[in-house]
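Below is one structure. I have some questions about it.
Laboratory data are not the source of any read-out in this text; all were calculated from the coordinates shown. Since the model is a prediction, treat every value here as computed from it, not as a measurement. Reconstructed Cβ throughout: ideal geometry from the backbone, glycine too, with neighbour counts over all protein chains shown.
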Amino acid sequence: MITAVLSADRQGIMEAARIIRKGGLAVFPTETVYGLGADAQNEAAVGRIYTVKGRPNDNPLILHISDKSLFYSYTENIPDYFAALSDAFWPGPMTVVAFKKSSVPGWGTAGLPTIAIRMPSLEAARQLIEYAQTPIYAPSANLSGKPSPTTARHVLQDLDGKVDIVLDGGPCIYGLESTVVDITGHIPRILRPGFITADMIYRQLGIYPETENLIDKPKSPGMKYKHYSPKAELVVIIGAPENTAALINERAAKTEKRIGILATSQTIKEYDPNKYLVLNAGDRLSPECIGAGLFAALRAFDEGGVDVIYAEGIAETGVGAAVMNRITKAAGGRVINI
Ligand code: TXA
Ligand code: MG
């Protein structure tokens with residue numbers, strides 16, 4: 001199959017919509033990461049998403065909608081607080097997990113009693129759904145286990161020749177996947193942290209962290225798989241910037257392996273760019289900025305052919321929680337606290 005690459009303008013979006021309606025696969029930009037989309041009402045097309053990604057069958061997909069009212073045709077037993085949540089954060093980088101109506105077919109939901117739904121804020125993504133005249137199931141447009149793609153080039157690294165069309169909308173604004181919020185209980189719980197933070201959610205709903213712990217142990221089926229993994233072995237070092245840099249330099253000097261270092265603006269000067277592939281993740285005090293470039297950096301280390309990546313940890317406050325969630329998952333447990 002030849003993959004067409006079109007820019008995410010009106011013409012490109014119309015073509016992608018046509019492909020979706022015909023049962024094809026279309027990759028499209030969103031404000032978070034690129035999505036691999038298929039007509040949610042077409043069982044065979046949704047099945048192809050799994051084949052193309054190499055995604056385990058027990059990992060459900062997110063249904064993308066362009067109109068809030070559609071949420072209610074797929075779900076039931078919606079708690080009162082959903083209205084406040086969706087008013088505040090939809091359209092935007094938040095996915096809601098709710099009980100699904102029994103009439104909703106199970107091919108995108110891995111047989112669970114719940115369904116994940118999101119209304120993206122990126123205009124091009126919503127237009128695609130509108131033109132296709134159907135909701136779209138879309139996981140991140142990477143091969144299973146690889147970092148999510150934040151540019152069309154990343155998508156093609158994984159899926160060239162495997163999908164019908166890629167819409168190029170430039171780099172994604174947020175760069176981390178949506179916050180997944182479970183609303184099946186009396187309070188919402190975060191299954192996957194993202195740019196909409198727990199703090200933003202409980203402030204919006206007037207729930208206070210002292211009394212109600214919103215962050216649950218991740219129970220999204222997808223969270224149990226190895227994720228976001230570059231080919232190189234990733235090690236996360238958490239500590240004060242000067243200590244972190246000292247330890248990374250000490251370890252890097254001891255090995256013959258090719259080393260990549262994910263530094264921060266605060267420490268970048270401590271590393272020798274002639275010896276190591278050093279990338280600046282951004283300012284430690286701006287986790288939003290670090291999040292936006294994180295997956296691109298992991299892919300850049302692979303392109304640079306390094307064997308081991310040392311990544312500096314950052315504070316888990318605000319969006320820092322989502323950044324550290326992705327980094328520690330990519331590290332597969334190799335985390336050193338100093
Ligand atoms: O930002 C995003 O969410 C991107 C863009 C394309 O919208 N999509 C995305 O999809 O990240 P994916 O498939 O890579 O991640 C979806 C996550 C997985 O961890 C999956 O297990 C979880 O959402 N999920 C889906 N349905 C669920 C459900 N019913 N209950 C719990 N978790 C669910
Ligand atoms: Mg994914």
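Under 18 Å from the 7 Å Cα→Cβ point of Lys22, by amide nitrogen: which residues of the stretch 128-155?
Residues 128-129, 131-134 qualify, since their backbone N sits under 18 Å from the label point.
In addition: In Å³ and rounded to a whole number, note down the convex hull volume per residue for the Cα atoms of the chain.
Expressed per residue, the convex hull around the Cα atoms of the chain is 126 Å³.
Step through the residues of the stretch 141-151 one at a time and calculate ³J(HN,Hα) from phi using the Karplus curve (6.51 cos²θ - 1.76 cosθ + 1.60, θ = phi - 60°), rounding each to whole Hz and writing x for Gly and Pro.
8, 10, 5, 3, x, 8, x, 4, x, 10, 9
Could you calculate, for the stretch 110-192, the ratio of the Cα radius of gyration to the Kirkwood radius, expressed as Rg to Rh?
0.98
Once all Cα-Cα distances of the stretch 263-338 are split into 10 Å bins that start at 0, what whole-number percent is in each one?
Percent of Cα pairs in each bin: 18, 55, 26, 1.
Please list the non-local residues whose amide H lies under 5 Å from the amide H of Leu122, H modeled 1.01 Å from N, same-chain partners needing a gap of 5 or more.
Glu31
If you plug each phi of the stretch 54-71 into the Karplus form 6.51 cos²θ - 1.76 cosθ + 1.60 with θ = phi - 60°, what whole-Hz ³J(HN,Hα) values come out, in order, with x for Gly and Pro?
Working through the residues one at a time gives x, 8, x, 5, 8, 9, x, 9, 9, 7, 9, 10, 10, 9, 4, 5, 5, 3 Hz.
Another question, then. For Gly318, what charge total do you get from the other residues with a beta carbon under 11 Å from its beta carbon, if Lys and Arg give +1 and Asp and Glu give -1?
Overall, the nearby charge balance is -3.
Sticking with this one: Pull out the extension gain between Asp58 and Lys275, defined as 0.36 nm times the separation in residues minus the alpha carbon to alpha carbon distance; nm, one decimal.
Net length gain for the segment: 73.8 nm.
Going by amide H atoms built from the backbone, whose H comes under 5 Å of the H on Ala8, apart from near neighbours?
Result for Ala8 returns Asp168, Gly169.
A further question follows. What is the set of long-range amide H partners of Thr75 at a cut-off below 5 Å, with H atoms built 1.01 Å from backbone N?
Residues meeting the criterion, in which the H sits 1.01 Å from N, are Lys101.
Same structure, new question: If I take R0 = 41 Å and measure r between the Cβ atoms of Ser103 and Tyr208 in this structure, what FRET efficiency does the formula 1/(1 + (r/R0)^6) give, to the nearest 0.05?
It comes out at approximately 0.60.
Continuing with the same structure: What FRET efficiency would be calculated for the residue pair Arg334, Asp283, taking the C-beta separation as r and a Förster radius of 30 Å, to the nearest 0.05?
It comes to 0.75.
Return the FRET efficiency for the residue pair Thr317, Met1: r is the Cβ-Cβ distance, R0 is 41 Å, and the value is rounded to the nearest 0.05.
Taking R0 as 41 Å, the efficiency between Thr317 and Met1 is 0.35.
Shifting gears a bit: Starting from the 7 Å offset along Cα-to-Cβ, what nm value, one decimal, do you get for the label separation of Gln133 and Asp67?
Label at Gln133, label at Asp67, 1.2 nm between them.
May I ask for the net charge around Gln266, where only other residues with Cβ less than 14 Å from the Cβ of Gln266 are counted and Lys, Arg are +1 while Asp, Glu are -1?
With Lys, Arg at +1 and Asp, Glu at -1, the neighbours total -2.
Please name which of Ile2, Ser265, Trp90 has its Cα lying farthest along the dipole of the chain towards the positive end, using unit charges on Cβ (Lys, Arg +1; Asp, Glu -1) and the Cα centre as origin.
Checking the options against the dipole of the chain, the answer is Ile2.
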